Amino acid sequence: MEFSSKLLEKAVNEMSQLPGVGKRTALRLVLHLLRQPESQTVQLAQALLNMRTEIKFCKSCNNISDNVLCEICSNPRRQEDIICVVEDIRDVMAIENTSSFKGLYHVLGGKISPMDGIGPHDLNITPLVNKIKEGRVKELIFALSPTMEGDTTNFYIFKQIQDLDVVTSTIARGISVGDELEYADEVTLGRSILNRIPFEGSLKS
Ligand SMILES: [Zn+2]
């Protein structure tokens, strides 16, 4: 792509670093911004910058938050003794949309994936195991995506806590294998949380 302006070229190149945005789309977006009032670009740039520099991770569940404790962990109406284990904030959002779950979450920040060089120590697993060792958690629900990496991660965590006094369950696999949790429709996901099954039972199936 030949540009008449280095400034334009730089903006397009930066925009096209985003996933799913090719050079053509990046050019379209940048030209759109140029046609809009300057204030719109300023607001966009400022929102991105503020998000990047000021965002926090909840001290308890590792969810993305504006405060030390996220809104879910600091809500006294949530059940503290049920924890749903998820990969990232998109899963929290998907499950929250179902309004079927009143417990808390624990966000791992990914799943074990040797192919991508992600081991258990790259994830937020130790704080979860420690929470369970403290004895305040009655039930742990595994809600990782039903992929090989998701299963590996579930099993790794399960091995560390199986002798502790906690019930483990997994969301029912109404969701087809390989699907990401975030794309499951809300009714299906909500139902699968309510109809969760014992984790050990899921290993045999
Ligand atoms: Zn939290």
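The values are calculated or read from the model by the stated rules, or taken from the named source; none is laboratory data. The shown structure was predicted, so the numbers you read here are calculated from the model rather than taken from an experiment. Cβ: placed from backbone, ideal geometry, glycine included. Neighbour counts: every protein chain shown.
Of these, 74, 100, which one is out of contact with any strand residue (DSSP E or B) (no Cβ under 7 Å at 6 or more places or on another chain), within 16 Å of the ligand (Cβ to nearest atom) and part of a loop (DSSP other than H, G, I, E, B)?
74
Filter the stretch 62-71 down to the residues that are closer than 14 Å to residue 90 by Cα and near the ligand (Cβ under 9 Å from one of its atoms), then identify the one that is surrounded by the fewest Cβ atoms within 10 Å (Cβ to Cβ).
To start, the set of residues in the stretch 62-71 that are closer than 14 Å to residue 90 by Cα comprises 62-65.
Next, from what is left, pick out any that are near the ligand (Cβ under 9 Å from one of its atoms): 62-63, 65.
Numbers: 62: 22, 63: 24, 65: 20.
Residue satisfying both the conditions and the ranking: 65.
Looking at the stretch 152-205, which of its residues are assigned to a helix (DSSP H, G or I), modelled with pLDDT under 80, among the basic types (Lys, Arg) and within 25 Å of residue 129 (Cβ to Cβ)?
Residue satisfying the conditions is 204 alone.
Mind checking which residues of the stretch 32-61 are more than 9 Å from the ligand (Cβ to nearest atom), under 18 Å from residue 88 (Cβ atoms) and not in a helix (DSSP H, G or I)? Break it down stepwise before answering.
In the first step, residues of the stretch 32-61 are kept if they are more than 9 Å from the ligand (Cβ to nearest atom); the result is 32-56.
Within this subset, residues satisfying the condition of being under 18 Å from residue 88 (Cβ atoms) are 51-52, 55-56.
Once the filter is applied, which keeps residues that are more than 9 Å from the ligand (Cβ to nearest atom), under 18 Å from residue 88 (Cβ atoms) and not in a helix (DSSP H, G or I), the stretch 32-61 yields 55, 56.
Return the residues of the stretch 26-55 that are closer than 16 Å to residue 13 by Cβ and β-branched (Val, Ile, Thr); say none if nothing qualifies.
The one that is closer than 16 Å to residue 13 by Cβ and β-branched (Val, Ile, Thr): 30.
Conditions tested, residue by residue: (1) outside the structural domain of residue 137 (by TED's automatic domain parsing); (2) in contact (Cβ under 8 Å) with a residue 40 or more places away in the chain; (3) more than 17 Å from the chain's Cα centre (by Cα).
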{"residue": "23", "(1), (2), (3)": "yes, no, yes"}
{"residue": "30", "(1), (2), (3)": "yes, no, yes"}
{"residue": "46", "(1), (2), (3)": "yes, no, yes"}
{"residue": "66", "(1), (2), (3)": "yes, no, no"}
{"residue": "78", "(1), (2), (3)": "no, no, yes"}
{"residue": "85", "(1), (2), (3)": "no, yes, no"}
{"residue": "105", "(1), (2), (3)": "no, yes, no"}
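Condition first: β-branched (Val, Ile, Thr) and closer than 13 Å to residue 158 by Cα. Now tell me which residues in the stretch 133-147 satisfy that.
141
Of the conditions (1) out of contact with any strand residue (DSSP E or B) (no Cβ under 7 Å at 6 or more places or on another chain); (2) within 16 Å of the ligand (Cβ to nearest atom); (3) assigned to a loop (DSSP other than H, G, I, E, B), residue 145 satisfies every one except a single condition; which number is it?
Of the numbered conditions (1) out of contact with any strand residue (DSSP E or B) (no Cβ under 7 Å at 6 or more places or on another chain); (2) within 16 Å of the ligand (Cβ to nearest atom); (3) assigned to a loop (DSSP other than H, G, I, E, B), the odd one out for residue 145 is (2).
Is it the case, given these coordinates, that residue 128 is touching a His at 6+ places or on another chain (Cβ under 8 Å), within 21 Å of residue 89 (Cα to Cα) and among the aliphatic types (A, V, I, L, M)?
Spelling it out, residue 128 is indeed touching a His at 6+ places or on another chain (Cβ under 8 Å), within 21 Å of residue 89 (Cα to Cα) and among the aliphatic types (A, V, I, L, M).
Exactly one condition in (1) in a helix (DSSP H, G or I); (2) more than 12 Å from the ligand (Cβ to nearest atom) is false for residue 92; which is it?
Every listed condition holds for residue 92 apart from (2).
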